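Heads up: the structure comes next, in structure tokens.
The values are calculated or read from the model by the stated rules, or taken from the named source; none is laboratory data. On a predicted model such as this, the values are computed, not experimentally measured, just so you know. In this analysis, Cβ positions are derived from the backbone assuming ideal geometry, glycine residues included, and neighbour counts consider all displayed protein chains.
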Amino acid sequence: MKPHHVHVYTTIRVKVAVTAEDHADAMRQAAAIVGTGIFPVRLLPNAAAVLDAQPAEEITSFLVDEADDPEFENSCFYDAEYRSREDCPT
């Protein structure tokens with residue numbers, strides 16, 4: 001048996017607060033914050049076998065919630081190109 005290092009790429013969710021005109025503007029602003037090359041969140045390994053953790057360099061989707069919508073009635077999922085992935089209320 002030989003030791004191995006396995007890089008497992010997973011998607012993580014990062015909630016970003018922005019003030020925007022609409023969902024598209026909100027996604028562009030969030031992408032600019034998260035996708036700047038320096039990831040704004042640190043991932044800390046929490047198991048002895050995990051040597052390192054970094055986010056993948058790809059945005060796969062967005063979920064946009066409106067801050068004044070506590071019931072999430074105006075929330076919508078979008079793909080990486082800002083296209084809605086379901087029937088959105090807005």
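Things to note:
- Matching option when the condition is within 16 Å of the chain's Cα centre (by Cα), free of Cβ contacts under 8 Å to residues at least 60 places away in the same chain and closer than 12 Å to residue 23 by Cβ, among 43, 63: 63
- The single residue among 31, 56, 17 that is under 14 Å from the mean Cα position of the chain (by Cα) and not in a loop (DSSP other than H, G, I, E, B) turns out to be 31.
- Selection of region 69-86 for residues being in a loop (DSSP other than H, G, I, E, B), modelled with pLDDT of 85 or more and more than 16 Å from residue 14 (Cα to Cα) yields 69, 70, 71, 72, 73, 74, 81, 82, 83.
- Residue within region 9-25 that is free of Cβ contacts under 8 Å to residues at least 12 places away in the same chain and surrounded by 11 or more Cβ atoms within 10 Å (Cβ to Cβ) present: yes
- In summary, residue 62 fulfils each of the numbered conditions (1) at pLDDT below 85; (2) touching a helix residue (DSSP H, G or I) at 6+ places or on another chain (Cβ under 9 Å); (3) under 12 Å from residue 78 (Cβ atoms) with the single exception of condition (1).
- Search result, residues across region 48-68 that are farther than 15 Å from residue 14 by Cβ and of a type outside the set (D, E, K, R): 48, 49, 50, 51, 67
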